[in-house]
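First the structure, in the form of structure tokens, and then the observations on it.
Where a number appears in this text, it was derived from the coordinates with a stated rule and is not lab data. In this text the structure is predicted, and so the values were computed from the model without any measurement. Cβ sites come from the backbone with ideal geometry, for glycine too, and all protein chains shown count toward neighbours.
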Amino acid sequence: MNVGRGGRGRLLCCLLGGVLVCLAASAAAGARPGHRRALAAQTRVSVSVDRFAPGRQVPRGFLGLSFEAAALPQLAADSRRGDLVRLLRSLGPGVVRFGGITSDENVGFSEPSLPAPPWASSVIDPAELDGIGQIARRSDWKVLLSVGMAHFEPATAAREVAAADRALGRSLMAVEIGNEPDAYGRHGFRELPWIAQGYEEQVSIYREAIDALTPGIPIAGPDVSGSGVFREWGAAEALAQAPALLTGHHYPLGCAQIPPPSIEELLSPATRVREEASLQLYLAVARSARIPVRIDETNSVSCGGVPGISDTFASALWAAGYIVEGMQAGTAGINLEGNPTNCAGYTPLCARSAAALARGELSAQPDWYALLLTRTLVGDRPLPIRVSAAGSPNLLVTAFAGPRHSMKVVMIDDDPPGSPPLSMRLYVGRGERSATVLAMTAPSPSSTSGVLLGGHAVAGDGVWSPPRARTPRAVRAGVLELSLAPSSAVLVTLNPERVRSRPARHSRRSR
């Protein structure tokens, strides 16, 4: 985005799901809560934070994970072993979603009186739902469950929801009906033309069957493939179903795109511009309907990811940026998609061997560090900022107001290695005296290992502990100065100066 102070802005346009979206960039845009700048060729950057105009609070459970329904039996077994519960607890309360294409195409539901459907290559049973319920209760996480709709079986779906309700109780956040139903026509599950109205008619049949067995279960949806179709499908869902939560997916890069995906494109300003426009499309429908929207499935490259991109530190930089952009935009949450059996694709957590998988030993991938970096922002409120730069940094900055008048600033420099460091000047106000800096780093964006947060890696048992001693940075006359290395992210935390009350003077009284 080429924007100068007081200069004329440019109109940036991009295609999102066949919809042409244009964003006007101007100097006034610098007052948004999070704003990416790219100006001409030096590296000095100034950031001014308006701490007196906080936005809507980042909701509890904002951070989340998403897994295919096919992974549910494997993860359910980890209720009795391994480190999954410990890992989830390290993020605080969150939301885990089970869905994806396997929930529609090849994972069925079975119980003693209900045989597996003939089309299913694997099944979920009540005992496995019990295991997920134990994990949810022990970790203080909620569960978003998708039931299949590609094979039209509302009675079976109703029995699965009833079993999930018994197993999870209050941990069951909501139920989604179908995964990416907007694609059913293209995938041969419905006759064309297949439109949102037809989907909503079939969802209503599912809801009747579900309500007959388990009245009052919250519904989420329509769980579409991207923001380009959400204007139609999300609005129809809001009108026809009044769901508790609107949901949709986002992948910045496609596995089959031409030219092929790359780290450079993943971390490009153009990708962030498209993502900002995508979030606004989701939120326009959500705000009109007054229903929160959650990006319940997202990661770097579609179709399971691409090795050398999705399993690298570049993916962590991208994920951290997308998370804070979602927070400042006002979404209800973001779920990073993963696969516990595939460390080469996109996934925050995975088992690095068959033996580790059998023991329930999941290892933190680069994406996990993005979740750790942003976990303390939950409950905070985004703050407007103004960014000015004398160079052209590929930089994302967001600020948040925390409890007890604290403030946090996230800065992500997506410039490639070898770029000069950014000389950052944060104007934070005279009430601040010192700040601490937590950095997320790796040898390079293409690194698949060596990722550190605060100089520490996640331990083999899933524990990451903040550094015990972090040297505070001085804030002088309301300004914090620091250097930001290329291909890194930092969380700056500022706590207001405590004013000590003076002891009262006692006067001598004459007797």
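Considering only DSSP beta bridges where both residues belong to the chain, give the percentage that are antiparallel (nearest 5). Numbers along the way, then the final one.
Working: 55 of 98 bridges.
Around 55 percent of the beta bridges assigned by DSSP in the chain are antiparallel ones.
Approximating the spin labels as points 7 Å out from Cα along Cα→Cβ, the residue 205-to-residue 405 distance works out to 6.1 nm. What you get for the chain, charging only the Cβ of Lys and Arg (+1) and of Asp and Glu (-1), is a dipole of about 4280 debye around the Cα centre.
Using a ≥ b ≥ c from the Cα gyration tensor of the stretch 342-393 (square roots of the eigenvalues), is it rounded, prolate or oblate, where a/c under 1.5 gives rounded and otherwise the larger of a/b and b/c decides, a/b for prolate? Oblate, since a/c reaches 1.5 and b/c is not below a/b. Extension gain, residue 433 to residue 122: 0.36 nm times the residue separation minus the Cα-Cα distance gives 106.1 nm. Under 5 Å between amide hydrogens, built in the peptide plane, is the criterion, and for residue 267 it picks out nothing among residues at least 5 positions away or on other chains. Cβ crowding within 10 Å ranks 350, 303, 343 as 303, 343, 350, fewest other Cβ atoms first.
Remark on residue 124: its backbone amide H falls under 5 Å from those of 108, 109, 110, a criterion applied only to residues 5 or more positions apart or on other chains, H modelled at 1.01 Å from N.
Ranked by the mean number of other Cβ atoms within 10 Å of their residues, highest first, the peptides 147-154, 413-420 come out as 147-154, 413-420. Grab the beta carbon distance between residue 390 and residue 56, set R0 = 51 Å, and tell me the FRET efficiency rounded to 0.05. It comes out at approximately 0.95.
Would you please classify the overall shape of the stretch 352-511 from the alpha carbon gyration tensor, given that a ≥ b ≥ c denote the square roots of the eigenvalues, rounded means a/c under 1.5, and beyond that prolate means a/b larger than b/c while oblate covers the rest? Write out the running numbers ahead of the final one.
On the way: a/c = 2.94, a/b = 1.58, b/c = 1.86.
Oblate shape, in that a/c is at least 1.5 and b/c is the bigger or equal ratio.
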